[in-house]
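The values are calculated or read from the model by the stated rules, or taken from the named source; none is laboratory data. Remember, it's a predicted structure, so these values are computed and weren't measured experimentally. Quick reminder, even Gly has a Cβ in these numbers, built from the backbone with ideal geometry, and neighbours come from all protein chains shown. Note: areas computed on protein heavy atoms with side chains; ligands, DNA, RNA excluded. Shrake-Rupley method; radii C 1.70, N 1.55, O 1.52, S 1.80 Å.
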Amino acid sequence: DGGITQSPKYLFRKEGQNVTLSCEQNLNHDAMYWYRQDPGQGLRLIYYSQIVNDFQKGDIAEGYSVSREKKESFPLTVTSAQKNPTAFYLCASRGTSGNTDTQYFGPGTRLTVL
Amino acid sequence: EDQVTQSPEALRLQEGESSSLNCSYTVSGLRGLFWYRQDPGKGPEFLFTLYSAGEEKEKERLKATLTKKESFLHITAPKPEDSATYLCAVGVSGGYNKLIFGAGTRLAVHP
């Protein structure tokens, strides 16, 4: 089954801690994205990567970091510098053959700061 | 400024009562309009992509249409299992296929 997996499904963080959210895809997609979803707002782009070993800041990158060492993986670290990290985090990927504009999403990780 | 607005915020329908959801947009260069369905606590599920004014796509009880300024998602004879939040996003011309999302319409279909 091809798809995108995110783990964990739920994550709790204490003040001052860094946490890392996992995103893996076996769709052979080159591009990957991280979004944040808050109640009553549209999804907002945190970071994106169009190719291995390259990534760019999105609209709300402050307090977050990413890496893209493998095509299949795009982990997101939420650092202690992120002032309001409680949210639902979504990873997406996009292919570069066939329908190249559509982003497909993973199941999400809900992060709660205690 | 690129912007996407969805209306209504919430919609309650009786089973079998057809209706439409609206997505209006202002973007500098449209590269596709996308509809997704999102169930509570889950990631968005892709439904449709539309590119040109006048284009229509259908899937079961859903039909999406596109004009130069807005898109409609028509739901014909909805069933309770159609209850979800429907997200609209527009693709913006540029280097990385940026999507701008609306806040969504929460649809509840009651038996």
For all pairs of alpha-carbon atoms in the protein assembly as shown, what percent lies in each bin of width 5 Å, listed from the first bin to the last filled one?
1, 7, 15, 18, 18, 16, 12, 8, 3, 1, 0
Would you mind giving the three semi-axes, in whole Å and largest first, of the ellipsoid equivalent to the range B:21-90 according to its Cα gyration tensor?
21, 14, 9
Counting heavy atoms of the protein chains only and a 1.4 Å probe, report the per residue accessible area for chain A as a whole number of Å².
48
So in chain B, what percent of DSSP beta bridges are antiparallel if you round to the nearest 5?
90
Under Karplus coefficients 6.51, -1.76 and 1.60, residue-wise ³J(HN,Hα) of the range A:65-71 in Hz, glycine/proline x
9, 9, 9, 9, 8, 10, 4
DSSP loop chymotrypsin sites (Phe, Trp or Tyr not before Pro) in the range B:23-111 with at most 11 other Cβ atoms within 10 Å of their Cβ, which ones?
none
Restricting to DSSP loop positions (anything but H, G, I, E, B) with no more than 15 other Cβ atoms inside 10 Å of their own Cβ, which GluC sites (Glu not before Pro) remain in the range B:1-61?
B:E1, B:E9, B:E15, B:E17, B:E55, B:E60
Counting all Cα-Cα pairs in chain A, those more than 16 Å apart amount in percent to 56
Apply the Kirkwood formula to the range A:24-84: the hydrodynamic radius equals the inverse of the mean of 1/r over all pairs of different alpha-carbon atoms; give it in Å with one decimal.
12.1
What percent antiparallel are the DSSP beta bridges of the protein assembly as shown, to the nearest 5?
90
Apportionment of accessible area to carbon and sulfur, the protein assembly as shown, percent (1.4 Å):
47
List nothing, just return the count: lysine pairs in chain B, 8 or more apart or interchain, with Cα separation under 18 Å.
4
If you keep only loop residues by DSSP, which trypsin sites (Lys or Arg not before Pro) in the range A:1-63 have at most 16 other Cβ atoms within 10 Å of their Cβ?
A:K9, A:K14
Rounded to whole Å², per residue accessible area for the range B:1-61 with a 1.4 Å probe reads 56
For B:G32, residues with placed amide H under 5 Å, excluding near neighbours:
B:G91
